[in-house]
1. Bins of 5 Å, beginning at zero and ending with the bin holding the largest distance: percent of Cα pairs per bin for the range A:173-309, please.
2. What do the square roots of 5 times the Cα gyration tensor eigenvalues come to for the range B:13-137, in whole Å, largest first, as semi-axes of the equivalent ellipsoid?
3. Given bins 5 angstrom wide, list per bin the percent of all Cα-Cα distances in the range A:44-189, short to long.
4. At 20 °C and a viscosity of 1.002 mPa s, what translational diffusion coefficient does Stokes-Einstein give for the range B:1-46, taking Rh as the Kirkwood radius over Cα pairs? Give it in µm²/s as a whole number.
5. Across peptide A:71-77, how many C-beta atoms of other chains are within 10 Å of each residue C-beta, on average?
6. Give me the three principal axis extents of the range A:217-258 from the C-alpha atoms, as integers in angstrom, largest value leading.
7. Please list the radius of gyration and Dmax for the range B:50-201, considering alpha-carbon atoms only, with Å as the unit.
8. Which value results for Rg/Rh of the range B:36-105 when Rg is the Cα radius of gyration and Rh the Kirkwood radius based on the inverse mean 1/r?
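The values are calculated or read from the model by the stated rules, or taken from the named source; none is laboratory data. Bear in mind that the values here come from a model prediction, so they are computed numbers and not experimental data. Note that each Cβ is placed from the backbone with ideal geometry, even for glycine, and that neighbours are counted across all protein chains shown. Ligands, DNA and RNA are excluded from the accessible area calculation, which covers all protein heavy atoms including side chains. Shrake-Rupley method; radii C 1.70, N 1.55, O 1.52, S 1.80 Å.
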Amino acid sequence: MSILVYVENTDGKFKKSAFEAVSYAKAIANQTQNQVIAISIGNVEEAQLSQLGKYGASKVLSVNTEQLKSFVNQAYAAIIVDASKANDASVVVLSNSFSGKGLAPRIAAKLNAALADGAIELPTINGQNLQVKTGAFSGKAFSFVALTSAIKVIALNPNSFEVKESEVSAAIENYTPSVDASDFSTIVKEIVRATDKISLPEADIVVSAGRGLKGPENWAMIEELANVLGAATACSKPVSDAGWRPHSEHVGQTGIVVSPNLYIAIGISGAIQHLAGVSSSKTIVVINKDPEAPFFKVADYGIIGDAFDVVPKLISALKAYKGL
Amino acid sequence: MKILVCISNVPDTTSKITFTNDNTAFNSAGVQYIVNPYDEIALSKAIDLAEGGKGSVTVITVGDASTDATIRKALATGADNAIRVNATPRDAWFVANQIAHYAKENNFDLILTGRESIDYNGAQVAGFVASLLNIPSVSISKKLDIDGNTATVEREIEGGKEVLTLNLPAVIGTAEGVAETKIPNMRGIMSARTKPLDVIEPLEVAQLSQIVKFETPEPRGTVTLVDAGDVEKLVALLHEKAKVI
Ligand SMILES: Cc1cc2nc3c(=O)[nH]c(=O)nc-3n(C[C@H](O)[C@H](O)[C@H](O)COP(=O)(O)OP(=O)(O)OC[C@H]3O[C@@H](n4cnc5c(N)ncnc54)[C@H](O)[C@@H]3O)c2cc1C
């Protein structure tokens, strides 16, 4: 038996969340006396592939064909399902990324497997069953899901499990899957990536701003603050609804749920729907001119003040601290 | 074009979330239920696509009779007819099997879901239904255009976006950007009363997982306030105490 982990790459480089997923799979494998087999799809070089050993994969299946260079969930799911059958996988682990969310249910359905998505901790193991803690009610609660099927699929939330090193050397195998033409009715036409942007779901630090900023023209200072901190930028819902910022930055109950080490909220009131998506951040800093803003109730640190006055000062102080 | 929209009945976004029976069941007392906000986007898109006789919109929900108000709201918004699968939804797999079964017998060109439900946050139904029907899917779309038999979809990826084309029939999970949410008007509300709402009985589905308990997050500690004139102090606290920079 084995634990199969799907490792996602961006342009041939593994994401941090891929290493988190391998570390997570290894921690399960240690408790169940299994080996971890990683499967990578897309153009990934050998040096990258062998890195997976460092996090606990003893075998890496590498699928590297032109046809499979871009993500097509139907075809990728078929390949991962085949590999999990061929390797007698009892658990399939992947990251609950944007692609992972499309992939996980397709894999689970084909394997007749229970699916836990949004896992935030290691499962507890109870004989053949796993119990997985996942987020529910958009961060307002957690649920513990017992997976009772023979095979289980777990999609791990980014930033929820620490990357851990293990001393394993990975044997790399080229893997040529047989795929059905019908699995390729989805065609990727174009990929637009802002290369200088830090991915919001994976960011360690998030700088977020709300309607208190008055208009899109005032975002330069938010971006500068994010730059100094190496942070991703985010916003509240009315800000993206008004078109000041793209929808991909909207965090909250109906946006992206984030759990960075540091979340800085500027000019955001802290409505229940916003808090739902950010309250699992480890440290929260709030800058708001209204001392009654509900956000202060969940903040670790707060400054009562005008963003237009505080943020530029904070940028200078951080630059001084970083020696910039 | 025949469009099926999957509607989930969820607690209002302002609901305080509490549990009963030793934290094993959601406490619905006093909770107002609404159409899942992402499903509202799916429904609005479907209505736009069907406008002017170009198609029909059927909504489907899996739920007991208490969800009828939510379905009527979908009809009032502009759906043509509604199906309620008469069962308390157990998990996304159960729900998806009911939807896929109905869809298979009724040949839809397009199936829309919300990208996830705001209660169990699965993002599972779209992928499950598509897999059960063996058709393509996109779980989180930001933009959707239909031209003949082809859907062009913009999907979010970390740090960017991807543009895809898919052959119909397909299942698409919708998020903000796909459509402006429509709200029912008086005429819609009146006509919803006479639109067909069929109740059908569920299929048996094997149970693969079960929520055994819930937990609410630990309350956070109290805030440490820093004077607006002393941002250096905040920097020092973040470095020395919180150790996050
Ligand atoms: C179905 C539904 C789903 C929703 N989902 C989400 C969601 O996912 N995410 C989300 O964010 N919201 C969501 N909302 C909206 C939410 O209820 C709030 O309306 C929203 O979070 C408010 O955004 P805001 O704090 O930026 O704006 P406001 O409520 O306008 O607050 C602005 C804040 O800025 C402060 N401020 C003003 N000027 C300054 C200044 N110069 N310096 C410092 N502070 C200043 C004010 O004191 C105030 O606290 C949802 C609502 C509904 C109905």
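1. 2, 10, 19, 21, 17, 9, 5, 5, 5, 4, 2, 1, 0
2. Value: 26, 18, 13 Å, ordered largest first.
3. 2, 9, 16, 19, 22, 17, 10, 5, 1, 0
4. In µm²/s, the coefficient rounds to 174.
5. Mean shielding count: 4.
6. 28, 24, 11
7. 15.5, 47
8. Rg divided by Rh gives 0.97.
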